[in-house]
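This report refers to the structure that appears directly beneath it.
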Amino acid sequence: MVTLTNAENALKSVYLGAVTELLNTKTNPLLSKIEQTSSDVWGKEIRKAASYGINGGVGAGDEDGTLPSAKSTNYLQFVTTLKNLYGQIEISDKAVRASADGRGAFTDLLNNELQGLLDASKFNLGRMLYGDGTGLLGTVGAESNGMCPVGSPQNLIEGLVVDIYSAAGAKIGTSAITYVDRDGKKIKFENAPASLAAGCTMYVQGSKDKEITGLGAIFKSGGSLYGVSRADHPCMTPYMKDNVGALDEIVIQEAIDRLEMTAGSAVDFIAVSAQVKYAFQEYMAQYKRNIDVMELTGGFKTLSYNGIPLVYDRFIEDGTMYLLNTKAFKIHQLCDWQYLETENGKILRQTQGKPTYTATLVKYCDLVCDRPNGQARLSGITR
């Protein structure tokens, strides 16, 4: 007979390893390329010594002359806090009882719940990778005829629960998105706040300023990154070229060569928006060139530019191409995905006041790029 104890044992011993593997390798092509490690984690922080430049203790000289002076490698101390990532599985008491006499039915129940978690994680982890760590989803305006205009529907999807803030930065409500009109750039809320007005912003519930340090935070020209001032250390600033215009191979190759010459960085991953993907395909078709297709870790199939995967991602801003050396990125984590447990080791807990049970997966981590100047972004690409 299937019981909650059986469910807990299955979630721990059978499903956890598979779910962890899927979350780390199947949710996003870029995520699957980035190494995950527990190194450089100290308490609640990541402290990483990142080298830049070269060792200066080399030189030529006379046969009996003075040897070159020793000069150690230059290092910067990166410091960032571990971010808290959560995922929840919910099972109703009714569903458990209905499948109590059928192990196959109970397996289907768990599979469906875990698939839902994977689908939600695929969306949110992908969005965070290209975000700036603030959790900002976009702007939203006043409701009219049941719909609210948004600046862009790119980061939005039905079912997403968001916190809504006024233009002044005060939280005015929380609501689920029930419909996204992507062509009309409008959304419908389950319960739109009465004070909703132009200039309001949206964040994933409870996530404002708490997400991982994504590419949006790395590709900035001012301020600091990992506690290091970009003004004092230019190596903290990636190569960024705006208003590119029409796409061709020269523009791409110039960026790749610049990274190799200035930072010794070899591009092994190109990420593009849908518009840029189409521009690349049109350019290749114009010159009767075949586009190679390759398969990445995790089973992702993608286009290729000179042997480098060229990957479309929905969360990249229009007209933008990222040229990345993924070996410079690491996800530093306190541990891999684990269940939150009570003092007696239970992972399924009854939701207060409801006939449902929840299990929560958690991961404490952040994304660190130890060579920001070895990355590039081309923006303003047109078709």
Cα-based count: Lys pairs in region 163-283 below 24 Å, eight or more positions apart or different chains? 14
Please give me, ordered by residue number, the GluC sites (Glu not before Pro) of region 7-100 that lie in loop per DSSP and have at most 12 other Cβ atoms within 10 Å. 63
Which loop-located trypsin sites (Lys or Arg not before Pro) does region 159-197 contain, where loop means any DSSP state but H, G, I, E or B and the Cβ has at most 10 other Cβ atoms within 10 Å? none
Compute the long axis of helix 103-129 from its Cα atoms, compare it with the longest principal axis of the Cα atoms of the chain, and write down the angle in degrees, 0 to 90, nearest 10. 40 degrees
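Add -39500 (n - 2.57) for each DSSP H run of 4 or more in the chain, then divide by its residues: what number comes out at 222 nm, to the nearest 500 deg cm²/dmol?
Values: 8 runs with 86 residues, N = 383.
Computed mean residue ellipticity for the chain: -6500 deg cm²/dmol.
Quote the relative contact order of region 1-156 in percent (integer), defining contacts as alpha-carbon pairs under 8 Å separated by 6+ residues.
24 percent
What's the local net charge at residue 370, with K and R +1, D and E -1, over the other residues with C-beta under 14 Å away? Walk me through the intermediate numbers first.
Numbers: positive: 47, 48, 327, 330, 371; negative: 35, 40, 366.
Net of charged neighbours comes to +2.
In percent, what relative contact order does the chain have, based on Cα pairs under 8 Å that are 6 or more apart in sequence?
Values: 755 pairs, mean separation 83.6, N = 383.
Relative CO of the chain lands at 22 percent.
To the nearest 20 debye, what is the magnitude of the charge dipole of region 248-340 about its Cα centre, counting +1 on the Cβ of each Lys and Arg and -1 on the Cβ of each Asp and Glu?
Working: 8 positive and 13 negative charges, 37 e Å.
About 180 debye.
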Quick one: grab Rg to one decimal and Dmax as a whole number for region 204-362, Cα atoms only, in Å. 21.0, 66
Which value in Å is the Kirkwood Rh of the chain over different Cα pairs? 23.5 Å
Angle between the chain longest axis and helix 16-25 axis [Cα atoms, degrees, rounded to 10]: 40 degrees
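Report the charge-dipole magnitude of the chain in Debye, nearest 20, computed about the Cα centre from +1 at each Lys and Arg Cβ and -1 at each Asp and Glu Cβ. The partial results should precede the final answer.
Numbers: 38 positive and 42 negative charges, 154 e Å.
That gives the chain a dipole magnitude of about 740 debye.
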Enumerate the aspartates and glutamates that residue 330 could reach by cross-link, defined here as Cα to Cα under 14 Å, with residues fewer than 8 away along the same chain left out. 35, 40, 366, 370
Kirkwood-based Rg over Rh for region 13-163 (C-alpha set), two decimals? 1.21
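Could you work out the local net charge near residue 27, counting Lys and Arg as +1, Asp and Glu as -1, over the other residues with Cβ closer than 10 Å to its Cβ? Walk me through the numbers before you get to the answer.
Working: positive: 26, 122; negative: 119.
Local net charge: +1.
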Note, residue 240: beta-carbon cut-off 10 Å, +1 each Lys/Arg, -1 each Asp/Glu, net +2
Any idea what angle helix 249-263 forms with the longest principal axis of the chain, computed on alpha-carbon atoms, 0 to 90 degrees, nearest 10? 70 degrees
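How high is the relative contact order of region 228-303, given as a whole-number percent (alpha carbon pairs under 8 Å, six or more residues apart)? Don't jump to the answer; show the numbers that get you there.
Values: 34 pairs, mean separation 13.7, N = 76.
18 percent.
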Along the charge dipole of region 205-275, pointing to its positive end and built from +1/-1 on Cβ of Lys, Arg, Asp and Glu, which listed residue (265, 245, 216) has its Cα farthest out? 216
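Can you pull a Stokes-Einstein diffusion coefficient for region 281-383 at 4 °C (1.567 mPa s), Rh from Kirkwood over Cα pairs, as a whole number of µm²/s?
Numbers: Rh = 18.3 Å.
Rounded to a whole number, D works out at 71 µm²/s.
Any read-out appearing in this document is the output of simple, stated calculations on the displayed coordinates, not a laboratory observation. Predicted model, so just to flag it, every value in this text is computed and none were measured. All Cβ positions, even for glycine, are placed from backbone atoms using ideal geometry, and neighbour counts span all protein chains on display.
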